[in-house]
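The values are calculated or read from the model by the stated rules, or taken from the named source; none is laboratory data. These numbers come from a predicted model, not from an experiment. Backbone-built Cβ (ideal geometry, glycine too); neighbour counts: all protein chains shown.
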Amino acid sequence: MRGQKKEEEKSVEVKRVEEWEVEKVLNKKKIRGVEKYLIWWKSFTAEGNTWERRENLKNAEELIEEFEKGGIEVR
């Protein structure tokens, strides 16, 4: 319409988050009251294993369930 200013387009920056694939869930324990899983990452050696919160492992739900059914919790 006449007399209206066109609003400037604002660019949206999207941060790319790199994801790694879980090879196996090795263990589970509570660290400072938070449950974490010891993860063996695909294409990494054992030195690359990390303790992760479940919410960080959304793409590994099947592996976590498999671990929970037969895994032994070590404290």
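Annotations
- Cβ separations smaller than 7 Å between residues 6+ apart or across chains give no pair from the stretch 53-69 residues that are at positive phi to residues that are not in a helix (DSSP H, G or I).
- Filter result (over 16 Å from the mean Cα position of the chain (by Cα) and part of a helix (DSSP H, G or I)) within the stretch 26-66: 46, 47, 66
- Looking only at residues of the stretch 1-25 that are within 22 Å of the chain's Cα centre (by Cα) and modelled with pLDDT under 85, we find that the one that is nearest to residue 68 (Cα to Cα) is 19.
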